[in-house]
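A short write-up of the structure that comes next.
The values are calculated or read from the model by the stated rules, or taken from the named source; none is laboratory data. Since we're looking at a predicted model, the values are computed, not measured. FYI the Cβ positions are ideal-geometry reconstructions off the backbone, even for glycines, and counts take in every protein chain you see.
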Amino acid sequence: MTHHPKERANSLSRRGFLLRGAGAAAALYGAPGLLAACSNTTSVPAGAGGEQAGPGGLPLARPNRRVILPRWEDPIESGLKPETGGTFTVFNYPSYLYKKLLTEFGAKHDVAVQYTPFDNINSGLQRLASGAVTPDVMEITPDTLNIGVAGKLIKPLNLDYIPNLQKNIWPQLVDPFYDGESRYTVPYTCYATGIAWRADEIKEDIAAMDQPWDIFWESQAYSGKVALLSENRETIGMALLRKGITDINTEDPALVDRAVSDLKELYGICNIKVDDLQYQTVPEGSSWLHQAWSGDMIAGYIYYLPKGTPASALAYWKAPRGKVPVQNDCFAICSTTKKPVLSHLFLNYLLDNGIAYSNFVNFNGYQPPLNEIDPSTLVRKGVVPENLENSVLTDGDFGPSSLQYGTLTSRGQQLWEDGYSNFLAGGGS
Amino acid sequence: MYHRWLWPAFALPGVLWLVLLFIVPFYAVLGVALGTVDPVLFQPVPIWNPLDWNVGWLSEVLTRLGPGGIWFDVEVRTIVYVLISLALCLLIGYPVAYYTARHAGRWKGLILILIILPLWISYMMRMLAWVNLLQLNGWVNSVLMFTHVLSQPRDWLGGSASTVIFALVYGYIPYLILPLFAALDRIDRSHLEAARDLGASRWSAFRTVTLPLSKIGILGGAVLITLPMFGDYYTPNIVSGSPKTTMIGNQIDLYFHGGPQPTIGAALTIVMAAFLLVLMLYYLRSIHRAQHETGAVGAL
């Protein structure tokens, strides 16, 4: 059973005191003075809102609860010339940006572009905070944005330098709920979470099932070939959705415990596996049924489908709008940058129609939220096969009624992490 | 005065090495495990002063590891996997080391090189190579079906314990063979000849002379492979991926992976280290005894 953080023996520690302080901090929408009150990252501002707050006491954004984050410093002035010479460092997941495009950007602005990878965004932010890396720009996600802002690790933007945001990007993400007025971020890629499978091996018509997530609990025949994403939010969130619980940001221990118990049933049903290799294992056929992000199937089709295997062997399902978890990755400027103007230009470069599209179809497989991209055009151009058209998202998928994994309170994060640890331990079911 | 410090000074690099690369990092892990966490960045904030240490995380970890705790099964599984792997390594490795030390003759050097050869390639690469070999249509299944050992391909990578144990054995066995070989090679043949002259059979001579005299090598090799095996997490990840085959190292990896509770990972590391320390103390005691016994045999 997952332990509720309140039950922990260490609840009387200094840490517990700080966390309680964070939990009690006010959720002040767009309170501009919030961060100004923080002399360092460990300070937690007091407030009287009574709502749950995330790291640094910043309010928790949800698709139906837009948050404008306070600026901890003024953005750079408009009209400055970009810096040249030296190195420009991009901090991102490994192999998540087309190197050719980076080289071209470097050549255009007379800088050597260096690509520094991180394992995941949390550990990347920790490395940034420790001073182990000093990048100019980095990838960040909406659910880790609070850490970046509260820790003063990313800089406020001056959108005058980023006209492509307004010009090319879906309206829902020009002024997104997690970063109202795009004060700190621009969107990079977007994706949904669904099910990928080998249509030539799986007999069931998954898309036609009353509750397609049930397929994992009915996959005895495919034992050893079934896997879930190796992410605590995704696995537990999927088990919640299967039971019709659409609050995928719940911090109710009973709900999380129940979801973990359900996941543990999968040991005996299909000897469930966990990994994030679905973009490769499903096309190659070593996995037949996998929880997957929509971009995985496009990337899998482009890069990993063996010669002779038809595209029709791949299939993808995602729930209808309002029931499907969707997410987007972002880019932000790090506070360690010595080239703030050039960093703005880089963000603008990423949102250029041609650049973003090239990064998508020639390397990444994860679609950028460009107005000019629509599923039928991609199918017509042969970028995406017809049977995977549903893995392409549109602006409407990101409305206020969409499901998105948001930042949790510290206690919520512990609850989900411990729940996943319980599942990963493989004990009792 | 000069002579008094000369010889101890030779130990200085080793002492510095030990302090810098073992004692200081270990104290840092202790400071993290008994420390706190930055509530914004979720970075561990070590507490260096033992008087301020917070034992809450350790107590939490011990609760989880205890019977009925969420980690009890993975803890037992880890011990079972390591013990089976160790037994298999000994069963396979001892004859190889014995043959190399005693009967290989001029081929001794070549055999040793062949044993060490796989270590020239990274552990991860070797495991990934096995992933290819163990595929449904991989060479392992092809050979086993060709030789009629299997009638149909076996799904080795479907999340089975046997594959994880096999991979552990494959990955660590060279580290057992080398100290074993060194111990067996050092045994004075005159001891065996004396045993045979006194009427001992080959088996009896092995059981009463060779085996006891190679105890130091067995224990040394066992320690050398069990310590890293207990902390292994990538082997089950690569060749299985099933939660039913995870080891305790996977939990440490999970909590050190940028989440909000790195202190849990550090506390688990400390508990593991304490457990392994018990094994180490047993090893040191045994080695002391074995040296004493060897000395006695040598004196005969």
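Among the residues of the stretch A:69-93, those identified as surrounded by fewer than 17 Cβ atoms within 10 Å (Cβ to Cβ) and in a loop (DSSP other than H, G, I, E, B) are A:Glu73, A:Asp74, A:Glu77, A:Ser78, A:Gly79, A:Leu80, A:Lys81, A:Thr84, A:Gly85, A:Gly86, A:Tyr93. Just name the residue that is modelled with the lowest pLDDT out of those in the stretch A:388-429 that are within 8 Å of another protein chain (Cβ to nearest Cβ) and in a loop (DSSP other than H, G, I, E, B). Per the stated criteria, the residue is A:Gly428. Please go through the stretch A:216-252 and pick out each residue that is more than 24 Å from the chain's Cα centre (by Cα), crowded, with 21+ Cβ neighbours inside 10 Å and assigned to a helix (DSSP H, G or I). Scanning the stretch A:216-252 gives a single hit, A:Tyr222.
Of the residues making up the stretch A:148-194, those that are touching a Leu at 6+ places or on another chain (Cβ under 7 Å), over 16 Å from A:Asp329 (Cβ atoms) and touching a residue at least 60 places away in the same chain (Cβ under 8 Å) are A:Val149, A:Ala150, A:Gly151, A:Leu153, A:Tyr161, A:Ile162, A:Asn164, A:Asn168, A:Arg183.
Every residue, every condition in (1) more than 27 Å from the chain's Cα centre (by Cα); (2) farther than 29 Å from B:Pro260 by Cβ; (3) modelled with pLDDT of 90 or more, yes or no:
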residue: B:Pro8; (1), (2), (3): yes, yes, no
residue: B:Gly14; (1), (2), (3): no, yes, yes
residue: B:Val24; (1), (2), (3): no, no, yes
residue: B:Leu34; (1), (2), (3): no, no, yes
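Restricting to the stretch B:67-84, name every residue that is surrounded by fewer than 20 Cβ atoms within 10 Å (Cβ to Cβ), in contact with a Ser or Thr (Cβ under 9 Å, 6 or more places away or on another chain) and within 7 Å of chain A (Cβ to nearest Cβ). Within the stretch B:67-84, none qualify. Hey, can you tell me all the residues within the stretch A:278-301 that are in a helix (DSSP H, G or I) and either at the interface with chain B (Cβ under 9 Å from one of its Cβ atoms) or free of Cβ contacts under 8 Å to residues at least 60 places away in the same chain (or both)? The answer is A:Gln280, A:Thr281, A:Pro283, A:Glu284.
Considering the stretch A:275-297, the residues that are out of contact with any strand residue (DSSP E or B) (no Cβ under 9 Å at 6 or more places or on another chain) and not acidic (Asp, Glu) include one that is surrounded by the fewest Cβ atoms within 10 Å (Cβ to Cβ), namely A:Gln280.
Consider the stretch B:129-162 and keep the residues that are of a type in the set (Phe, Trp, Tyr) and away from chain A (no Cβ under 14 Å). The one that is farthest from the chain's Cα centre (by Cα) is B:Phe146. Checking each residue of the stretch A:95-104 against the condition of being in contact (Cβ under 8 Å) with a residue 60 or more places away in the chain and within 14 Å of chain B (Cβ to nearest Cβ) gives no match. Scanning the stretch A:257-277 for residues that are under 23 Å from the mean Cα position of the chain (by Cα), more than 8 Å from every other protein chain (Cβ to nearest Cβ) and modelled with pLDDT of 95 or more yields A:Ala259, A:Val260, A:Leu263.
Here B:Gln135 fulfils each of the conditions (1) buried (at least 16 other Cβ atoms within 10 Å of the Cβ); (2) in a helix (DSSP H, G or I) apart from (2). If you filter the stretch A:348-369 down to residues that are within 16 Å of A:Trp170 (Cβ to Cβ) and among the hydrophobic types (A, V, I, L, M, F, W, C), you find that the one that is surrounded by the most Cβ atoms within 10 Å (Cβ to Cβ) is A:Ala356. Taking the stretch B:237-257 as the region of interest, how many residues are in a loop (DSSP other than H, G, I, E, B) and more than 7 Å from every other protein chain (Cβ to nearest Cβ)? Count: 3. Of all the residues in the stretch A:302-334, those that are crowded, with 18+ Cβ neighbours inside 10 Å and either under 17 Å from the mean Cα position of the chain (by Cα) or not in a helix (DSSP H, G or I) (or both) number 18. Identification of helices (runs of 4 or more DSSP H) wholly contained in the stretch A:110-201 with 2 or more residues that are of a type in the set (Ser, Thr, Tyr) and in contact with an Asp or Glu (Cβ under 9 Å, 6 or more places away or on another chain) yields no element.
Among the conditions (1) touching a Ser or Thr at 6+ places or on another chain (Cβ under 8 Å); (2) among the hydrophobic types (A, V, I, L, M, F, W, C); (3) under 25 Å from A:Pro59 (Cβ atoms), the only one that A:Ala227 does not satisfy is (3).
In the stretch A:122-156, of all residues being polar (S, T, N, Q) and within 13 Å of another protein chain (Cβ to nearest Cβ), the one that is surrounded by the fewest Cβ atoms within 10 Å (Cβ to Cβ) corresponds to A:Ser130.
Is it true that some residue in the stretch B:275-294 is part of a loop (DSSP other than H, G, I, E, B), aromatic (Phe, Trp, Tyr) and within 29 Å of B:Ser160 (Cα to Cα)?
No: the stretch B:275-294 contains no residue that is part of a loop (DSSP other than H, G, I, E, B), aromatic (Phe, Trp, Tyr) and within 29 Å of B:Ser160 (Cα to Cα).
For the stretch B:202-233, which positions are part of a loop (DSSP other than H, G, I, E, B) and within 27 Å of B:Thr78 (Cβ to Cβ)? Scanning the stretch B:202-233 gives B:Asp232, B:Tyr233.
A:Lys338 falls short on exactly one of the conditions (1) within 20 Å of the chain's Cα centre (by Cα); (2) more than 30 Å from A:Ala199 (Cα to Cα); (3) surrounded by fewer than 19 Cβ atoms within 10 Å (Cβ to Cβ), and that condition is (1). When B:Val45 is tested against (1) modelled with pLDDT of 90 or more; (2) facing chain A (nearest Cβ under 7 Å); (3) crowded, with 18+ Cβ neighbours inside 10 Å, only condition (2) is not met.
Put simply, of B:Arg64, B:Arg102, B:Arg126 the only residue that is within 14 Å of chain A (Cβ to nearest Cβ) and among the basic types (Lys, Arg) is B:Arg64.
Free of Cβ contacts under 8 Å to residues at least 60 places away in the same chain and within 21 Å of B:Tyr175 (Cβ to Cβ) - does that describe any residue in the stretch B:92-103? Within the stretch B:92-103, one or more residues are free of Cβ contacts under 8 Å to residues at least 60 places away in the same chain and within 21 Å of B:Tyr175 (Cβ to Cβ). For the stretch A:108-121, give me each residue that is among the aliphatic types (A, V, I, L, M) and more than 9 Å from chain B (Cβ to nearest Cβ). Hits for the stretch A:108-121 are A:Val111, A:Ala112, A:Val113. Given the criteria farther than 30 Å from A:Gly224 by Cα and within 14 Å of chain A (Cβ to nearest Cβ), does B:Pro260 qualify? Against the criterion (farther than 30 Å from A:Gly224 by Cα and within 14 Å of chain A (Cβ to nearest Cβ)), B:Pro260 qualifies.
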